[in-house]
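A.B. asks: Before we start, here is the structure in question, set down as structure tokens.
The values are calculated or read from the model by the stated rules, or taken from the named source; none is laboratory data. Source: prediction; values computed, not measured. Because the Cβ atoms are built from the backbone with ideal geometry, glycine has one as well, and the counts that use them run over all protein chains shown. Each accessible area value is taken on the protein alone, full model and side chains, heavy atoms only, with ligands, DNA and RNA left out. Shrake-Rupley method; radii C 1.70, N 1.55, O 1.52, S 1.80 Å.
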Amino acid sequence: MKRILLIGCGAEIGSLLLGMLRPERDGLAIGAVLTHAPATDPSHPQLSPLDGLCARIVLAQPQLLDAVSVEDGALRVRGREVPVFFGDMRTYPLENLPGPFDVCLVATSKTHIGDPQLMGRFLGVAGYVLGVAEATQLPGFYPPLIGAPERFLPVSSQPAGHERIFALGSCQTNGWLAQVRAMLDLAEDVEMNHFDWRGLEVDIVHPDTPTGRLGTASIRAREQDPRDNLRPGFSQVETSMARLFPGRHALSSISLRTLTLPPGYQICRFFFRYTCADGSRLDAGRIVASLGRTARRLPWMLRLAERPYGSRGFEQCEAAAVVLPQDALLRFADDPFALQAEGGHPLSELILQAYVHNTRGYCRSVIEAMRHLVGNPAPRVYAALTSGEGKP
């Protein structure tokens with residue numbers, strides 16, 4: 001059983017991981033949690049900060065109501081004791097933790113994850129340190145691209161070597177990369193001998209997160225009142241785009257924050273030129289068939305929605321992206337700009353619409369990344385960005 005040190009047990013990623021991880025199935029167990037103590041309630045003086053963690057876990061997964069408890073001053077999840085230590089990740093004496101650990105997972109903030117010195121502090125107690133966000137200074141270890149065919153990916157992965165601190169990318173990055181991976185698989189499935197990415201765009205509808213607030217504190221999207229108020233923002237996905245598709249037209253034109261429960265929504269547009277070895281051309285049917293093959297191989301990463309349910313229908317789905325394959329929602333045009341008629345090569349466009357679960361789906365990607373990392377002696381990563389590339 002591989003042991004995980006979880007840094008941060010907030011209202012979403014950390015608490016959800018505690019409930020989602022099944023050691024007997026995943027081969028991973030939370031060996032310790034280091035987090036700030038939740039505030040107690042003076043109206044209920046008998047309750048402790050551990051009861052606050054119980055609240056986070058149960059409200060993230062209400063089905064665990066009877067599976068999470070505090071017994072004899074210890075947190076128990078599905079009968080397994082989880083050692084919890086309250087303190088500041090910057091100063092807490094790590095020798096007090098019951099290490100060593102195979103992986104340290106930092107699930108606090110992108111500010112912490114973007115601090116290589118702070119992240120490096122945990123190498124003394126863990127074999128690898130992973131951050132659940134993007135960080136330009138760190139190599140990228142992207143779950144959807146594990147084992148991906150890279151023949152047509154502009155930037156190839158490289159052996160991690162002595163590097164042991166990686167960024168997993170954001171929730172939206174993983175949802176988007178699940179669809180990029182499906183495109184790479186498509187190129188192999190139909191035996192392309194040429195595939196040239198010319199443009200990648202993604203529009204995002206992002207459920208609000210606990211960093212949001214009621215009432216307006218400032219003009220920042222996360223600090224404006226979310227009630228009856230669509231707030232335009234940005235996504236970390238552009239950092240991943242810069243890392244993997246340098247020099248290409250790649251952008252996230254909108255990340256619209258909404259007061260809804262996960263999953264959120266992505267509209268991905270891929271512009272590309274290609275040739276198949278047998279001279280054939282793509283159509284929507286061949287694309288959907290290939291997406292289905294990828295979904296069957298990697299169900300934790302990709303799913304096809306048999307019916308176009310609203311987002312609530314996929315609330316419990318753990319796939320990083322749930323693509324809607326219906327004719328009215330998945331659109332493919334092999335030469336939408338009539339370039340062939342003008343003597344040029346066709347520029348094809350594929351539009352995918354997908355649900356992207358920024359909590360449950362992301363946590364499953366994180367779990368799969370950790371499983372791969374601890375079981376693979378030679379992990380591969382994508383190089384850190386140089387100064388000025390990508391968005392913070």
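A.B. asks: Tell me, please, whether a residue that is of a type in the set (D, E, K, R), outside any loop (DSSP other than H, G, I, E, B) and surrounded by 15 or more Cβ atoms within 10 Å (Cβ to Cβ) can be found in segment 130-148. Spell out the reasoning first.
C.D. replies: Narrowing segment 130-148 to residues of a type in the set (D, E, K, R): 134.
Adding the requirement that they be outside any loop (DSSP other than H, G, I, E, B) leaves none.
No, the conditions are met nowhere in segment 130-148.
A.B. asks: Can you find a residue that is over 26 Å from PRO62 (Cβ atoms), without any contact (Cβ under 8 Å) to a residue 12 or more places away in the chain, open to solvent by 60 Å² or more (accessible area, probe 1.4 Å) and not in a helix (DSSP H, G or I) anywhere in segment 292-301?
C.D. replies: Looking for residues that are over 26 Å from PRO62 (Cβ atoms), without any contact (Cβ under 8 Å) to a residue 12 or more places away in the chain, open to solvent by 60 Å² or more (accessible area, probe 1.4 Å) and not in a helix (DSSP H, G or I), one finds none in segment 292-301, hence no.
A.B. asks: Of all the residues that make up segment 176-225, how many are farther than 17 Å from LEU244 by Cβ and free of Cβ contacts under 8 Å to residues at least 40 places away in the same chain?
C.D. replies: Matching residues across segment 176-225 total 15.
A.B. asks: Right, next: LEU304: open to solvent by less than 50 Å² (accessible area, probe 1.4 Å), of a type outside the set (Ser, Thr, Tyr) and more than 24 Å from ILE146 (Cβ to Cβ), yes or no?
C.D. replies: No, not satisfied.
A.B. asks: Further question: When only residues in segment 334-357 that are of a type in the set (S, T, N, Q) and open to solvent by 10 Å² or more (accessible area, probe 1.4 Å) count, which is modelled with the highest pLDDT? Steps first, answer last, please.
C.D. replies: Looking only at segment 334-357, we keep the residues that are of a type in the set (S, T, N, Q), and these are 340, 348, 353.
Among the residues that remain, those that are also open to solvent by 10 Å² or more (accessible area, probe 1.4 Å) are: 340, 353.
Working: GLN340: 89, GLN353: 98.
That would be GLN353.
A.B. asks: Are any residues in segment 90-107 in contact with a strand residue (DSSP E or B) (Cβ under 6 Å, 6 or more places away or on another chain), crowded, with 19+ Cβ neighbours inside 10 Å and part of a loop (DSSP other than H, G, I, E, B), and if so, which ones?
C.D. replies: Hit for segment 90-107 is LEU97, nothing else.
A.B. asks: Evaluate the following for LEU168: is it open to solvent by less than 10 Å² (accessible area, probe 1.4 Å), modelled with pLDDT of 95 or more, closer than 27 Å to VAL288 by Cβ and among the hydrophobic types (A, V, I, L, M, F, W, C)?
C.D. replies: Details: open to solvent by less than 10 Å² (accessible area, probe 1.4 Å): yes; modelled with pLDDT of 95 or more: yes; closer than 27 Å to VAL288 by Cβ: no; among the hydrophobic types (A, V, I, L, M, F, W, C): yes.
So LEU168 fails the test.
A.B. asks: Report the residue count in segment 333-366 for those that are farther than 27 Å from ASN174 by Cβ, in contact (Cβ under 8 Å) with a residue 40 or more places away in the chain and not hydrophobic (A, V, I, L, M, F, W, C).
C.D. replies: 3
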